[in-house]
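Below is one structure; the comments refer to it alone.
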Amino acid sequence: MATAKKPAAKKPAAKKPAAKKPAAKKVAAKKPAAKKPAAKKPAAKKPAAKKAAAPKKKRAPNAAFMKPVTPSATLAAVIGEKPAPRTEVTSKIWAYIKKNGLQDKTNKRMINADDKLKAVFGGKKQVSMFEMTKLVSAHLKA
């Protein structure tokens with residue numbers, strides 16, 4: 001009798017160890033335990049919040065802003081000749097700008113000067129509202 005050769009047995013493919021996955025779950029399970037002490041910290045902040053709620057003191061206005069300043073002749077044509085604080089001078093100029101519609105329609109930060117304001121702005125046709133305060137302060141005398 002002839003003996004037939006048996007085919008070689010196939011080896012099963014090597015699998016990755018499954019031990020790493022459960023280890024990762026154990027680490028994740030420990031993290032919530034670490035967060036518990038952090039939850040107690042907001043409770044410690046409550047007493048500090050009570051100290052911050054002290055009665056507010058009324059802010060005193062800065063005397064330099066309230067000091068009357070005299071406008072130049074060109075600025076007096078726009079806001080009047082009487083001495084006024086800087087804050088009032090700025091609000092009078094804005095009232096003049098709004099009344100005459102001199103604020104640019106597309107870019108509201110720009111002011112289009114008419115003949116009176118052009119003299120105040122040093123001959124410029126258009127200035128920004130931030131540049132305006134700088135140019136106006138040149139026309140004020142303490």
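The values are calculated or read from the model by the stated rules, or taken from the named source; none is laboratory data. Nothing here was measured: the structure is a model prediction, and the numbers come from that model. Here the Cβ positions follow ideal geometry from the backbone for every residue, glycine too, while neighbour counts run over all protein chains shown. Only protein heavy atoms, including side chains, enter the accessible area calculation; ligands, DNA and RNA are left aside. Shrake-Rupley method; radii C 1.70, N 1.55, O 1.52, S 1.80 Å.
Filtering the stretch 93-104 down to residues that are in a helix (DSSP H, G or I) and either farther than 12 Å from Val120 by Cβ or of a type in the set (Ser, Thr, Tyr) (or both), which residue is least open to solvent (accessible area, probe 1.4 Å)?
The extreme case among them is Tyr96.
Before we move on, is Thr87 over 16 Å from Lys118 (Cα atoms), polar (S, T, N, Q), at pLDDT 90 or above and open to solvent by 70 Å² or more (accessible area, probe 1.4 Å)?
Values: over 16 Å from Lys118 (Cα atoms): yes; polar (S, T, N, Q): yes; at pLDDT 90 or above: no; open to solvent by 70 Å² or more (accessible area, probe 1.4 Å): yes.
Considered against the rule, which asks whether it is over 16 Å from Lys118 (Cα atoms), polar (S, T, N, Q), at pLDDT 90 or above and open to solvent by 70 Å² or more (accessible area, probe 1.4 Å), Thr87 comes out as no.
Under 7 Å between Cβ atoms, at least 6 apart or on separate chains: pull out the pairs that start in the stretch 58-78 with a residue that is closer than 18 Å to Gly122 by Cα and end on any residue that is among the basic types (Lys, Arg) and not in a loop (DSSP other than H, G, I, E, B).
What qualifies is Ala77/Lys116; Val78/Lys116.
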